[in-house]
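Taken together, the values in this text are just the output of simple stated rules run on the coordinates, not laboratory data. What you are looking at is a predicted structure, and each value in this text was computed from that prediction instead of being measured. Glycine gets a Cβ as well: all are built from the backbone with ideal geometry, and neighbour counts include every protein chain shown.
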């Protein structure tokens, strides 16, 4: 009898266990039809609402090297390699009127929503208008530059906001609108608007799903939501995608599923990439070359040799101008920047996945050829520094009267030891290593610099506060690449628009004030003459390198791109092109196979063997 | 006293632990004499240089050479550029390019190289070949180019007018004595993620960690001992009150408390001494409890009562009539506290809550940075394994000493 009971219990347990295993809802995807990602999504997706703000949906509603075009599409796609806009929902026909106050373009006839209806001018207009009304990213980002959008049927006209002189405030930002704003369907916006009674907060927080957890939002992209929990998020191809029309791609993207598992940290993602469980990694991998040189794995990056990726931005150390000793001593700012050993940072923190400051001298520009051509290298050569110049830094400080009078090895200002901290979020190892180098430089030149690594939440709250005095030197990256760059980046470095802005995620995090620079920055968007533009950028570079309101520590890609070719191949590599419908060959950027024109990679993919 | 020490040093376990610990201590003091300098100095630009001896290439080309005709030299050189795996890969390439290789012998190096020379085309991307493979063939081709570059390397220097002037020829039979090279650096444990000498850092970190352990142990033992003595001897309300506090600290997991305190102190204030004190402040409870129970069994002994009757002060009774009887126990408890203090620092640092970096190396910080730089996934064992080994050895030796002492002092365990 006892045995019987034991047996029965065992059976019940086994059944129970297997039941939970099934109840887990674990989706099994065919490996040969699925492209796996890592390094984008770190937690359960909380929203599929393209006009919301409360979201972390990194695979569907986000931007890296351009907008992530998988599910919600933009009017144009940005190509970081050639700096051109390529039509997606819109035709390649955008044009300014003579005084750049109005931009006109047409939407592709084939462009359709997932519910089969046409994409029209009304959708673009409604997306912008509702953004301004409820104050989402589109509204706050483009409201200051766009007066209104009008149009009928497939024709759209964007009217620029004008300044007092009757000129457009910033035509460059209108081009950004074309490639960075995903268009939402007008009818759906109306539905959401009514369902939430027009309450802005409720609309921003709407998750785009119905009560049963099914997707309610219409989309235009080739993929849609398939599965999402706290373990993984999966998108599935929509085989009715309008883009298979000959006027766009002429075919469907190759992988049927796009999957992203939530990894605990970078190390876990890296292990998965090595094991071939991940195909495309958007993570920084230290000494990435060892994966193929030493481990012999079928892993590759865009370039075969260092820097392996396309560097588009430069993580920067910002000086906090709220702290008097920093604000009153340009010599101190420059001396610290001169003393830092950038070669070590690049070799160490970036494991040489960045050009050095000897190769690409510091300026306001990223290392791409296009931007480098925008300033006069000879004019500012005397102002640039490659780092590790301890003698020069010491001389500069001595000359400025910042000397050590009490013999404790630390220089004083107004009778007090100069003591600063160097701050970045905890766990961001490459930045932490950089801050260690800044602290080490301080030691060499008699300035006390201690490192501080608060948790990211805490860090974000403090550094976006325009009045903070807690962080003296702190890190953040300026803009990478978009039609409005390098202007946007220069504006972030020295523009006065961001002074005193609370919750400032936009720029000038050190709150640097310089009216002369600001006036020059304001001229750039309206300047079309190339020589004049070059002159403006050169002047700004001079001011930046003399005043040193911040200093860049390395160059860096905006998205990382390392691929494992165990299952899929023909990922973007140097020189690889996509053949457009009209036969032109366009370079495919290493943009994680998802961002801007980088999404073309999904149409080039092939299975191995 | 002499007798006790004699007894203690007859315990093989204690002696074993003591010798290990002494060896670690001696290394700590002697090694810096041979390899002086700042242990945090970044000598390497780049991360995780492998253990080994590094010879300055620049100086080596300037050093006096000897000529050796070693029979296996050519073979070794070939094997370094062209492995058996590479040969198989070359055949794979010929197949992918649809080249007839029916009369090619794979082991015939000259024929294989010639075939490669004739057929390899870096601009072609064979259909179906992965990017990683294409890159591999490019690298292989480069290494084969070196192979056929002949037996002589020419070192040239830049002349005044920018022209290259030949300064030296190096042939395959030239050898240099490593003693003749001006700069040779041996890194027995390679470098870490910051390019620091791991062995030098490890020795220095061991010292810091032992100091942290000692300080933490001292703080914990002093608090635990005082509370235990007072509670046990006085009894009554004082006992109840102290035990109430002790129980509260016992119920809250010590490590959680440690994490919370370290976090709230903030990184700027967290020096090694502060971390050690915090560890001590959270680790005293079980010392207090066991000292108390021992004191309770002592307080009604005749000699204590005699002291009381003689009108001796509380302090004097505790110090002269009670403390000596539990001294051996306290020493053992102290040793364990030191050991757990070192471990606690390592655990805290691993979570990123250890002492602030760039000032002193500690064992925990070394592990923390090794982990942050994924040393465990990229195969850089030298950055973390020796650290684990040292922590284990310290902990092991201290525990061994403790067990040895226990066997000497605890009558029930005596042989």
Over all directions, what mean area does the Cα convex hull of chain A project, stated in square nanometres?
-> 34.4
Bins of 10 Å, starting at 0 and running to the largest distance - Cα pair percent for the protein assembly as shown | 2, 9, 15, 19, 19, 16, 11, 6, 3, 1, 0, 0
Checking B:374, B:297, B:397 against a Gaussian network model of chain B (alpha-carbon springs below 10 Å), the top fluctuating residue turns out to be B:297
Within 10 Å of the Cβ of an average residue in B:373-380, the count of other chain Cβ atoms is 6
Return the tail of the calculated pair distribution for region A:316-552, meaning the percent of Cα-Cα pairs more than 27 Å apart.
-> 33
With a Cα-only, solvent-free Debye model of region A:71-128, what are the log10 I(q)/I(0) values at q = 0.18, 0.21, 0.25, 0.28 Å⁻¹?
-> -0.71, -0.92, -1.14, -1.25
For region B:290-319 and region A:403-466, what is the separation of their C-alpha centers, rounded to whole Å?
-> 55
Kirkwood-based shape ratio for region A:562-609, expressed as Rg/Rh from alpha carbons | 0.96
Have a look at region A:149-280 and give its Rg and Dmax from the Cα atoms, expressed in angstrom.
-> 20.0, 61
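By counting other Cβ atoms within 10 Å of each Cβ, how are A:69, A:532 ranked from fewest to most?
In order of increasing Cβ crowding within 10 Å: A:532, A:69.
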On the formula 1/(1 + (r/R0)^6), with r taken between the Cβ atoms of residue B:393 and residue B:312 and R0 of 45 Å, the FRET efficiency rounded to 0.05 is 0.50
With no solvent and one point per C-alpha, what does the Debye sum give as log10 I(q)/I(0) for region A:507-553 at q = 0.13, 0.17, 0.22, 0.30 Å⁻¹?
-> -0.32, -0.53, -0.82, -1.17
Cα-based radius of gyration of region A:37-115 once divided by 2.2 N^0.38 Å, which approximates compact folds = 1.33
Put one equal scatterer on each alpha carbon of region B:267-337, apply the Debye formula with no solvent term, and list log10 I(q)/I(0) at q = 0.27 1/Å to two decimals.
-> -1.17
Can you pull the Rg over Rh of region A:337-440, Cα-only, Kirkwood?
-> 1.03
Helix A:121-134 sits at what angle to the longest principal axis of chain A, using alpha carbons and giving 0 to 90 degrees rounded to 10?
-> 60
How high is the FRET efficiency between residue B:80 and residue B:54 when r is their beta carbon distance and R₀ equals 25 Å, given to the nearest 0.05?
-> 0.90
Approximate shape of region B:298-393 as ellipsoid semi-axes (Cα gyration tensor, √5λ), whole Å, largest first | 49, 13, 8
Max mean-square fluctuation residue, GNM over chain B, Cα-Cα springs under 10 Å, options B:250, B:282, B:171 | B:171
Over 24 Å, how big is the tail of the calculated P(r) for region B:53-186, in percent of all Cα pairs?
-> 48
Kindly express, to the nearest 10 degrees and within the range 0 to 90, the angle between helix A:171-180's C-alpha long axis and the longest C-alpha principal axis of chain A.
-> 40
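Provide the FRET efficiency to the nearest 0.05 for the residue A:98-residue A:244 pair, computing r from the beta carbons and using R0 = 60 Å.
That gives a FRET efficiency of 0.95.
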Evaluated at 20 °C with a viscosity of 1.002 mPa s, what Stokes-Einstein diffusion coefficient in µm²/s does region B:1-56 have when Rh comes from the Kirkwood expression over alpha-carbon pairs?
-> 141
Using a Gaussian network model of chain B whose springs link C-alpha atoms within less than 10 Å, name the residue from B:324, B:386, B:188 with the highest mean-square fluctuation.
-> B:324
In deg cm²/dmol, rounded to the nearest 500, the helical mean residue ellipticity at 222 nm of chain A, built from -39500 (n - 2.57) for every DSSP H run of length 4 or more, is -8500 deg cm²/dmol
Evaluate peptide A:298-305: per residue, the Cβ atoms of other protein chains within 10 Å of its Cβ; return the mean as an integer.
-> 4
Per 10 Å bin from zero, what fraction in whole % of the C-alpha pairs of region B:344-415 is there, up to the bin with the longest pair?
-> 19, 36, 22, 14, 9, 0
Per principal axis, largest first, the Cα atoms of region A:465-609 extend in Å by 60, 41, 25
Region A:316-552, relative contact order [Cα under 8 Å, separation at least 6], % = 29
Roughly what percent of Cα-Cα pairs across chain B reach past 34 Å?
-> 56
For region A:214-228 versus region A:505-566, the gap between their alpha-carbon centres in whole angstrom | 37
Computed over chain B: longest principal axis from alpha-carbon atoms vs helix B:254-265 long axis, angle to nearest 10 degrees, is 70
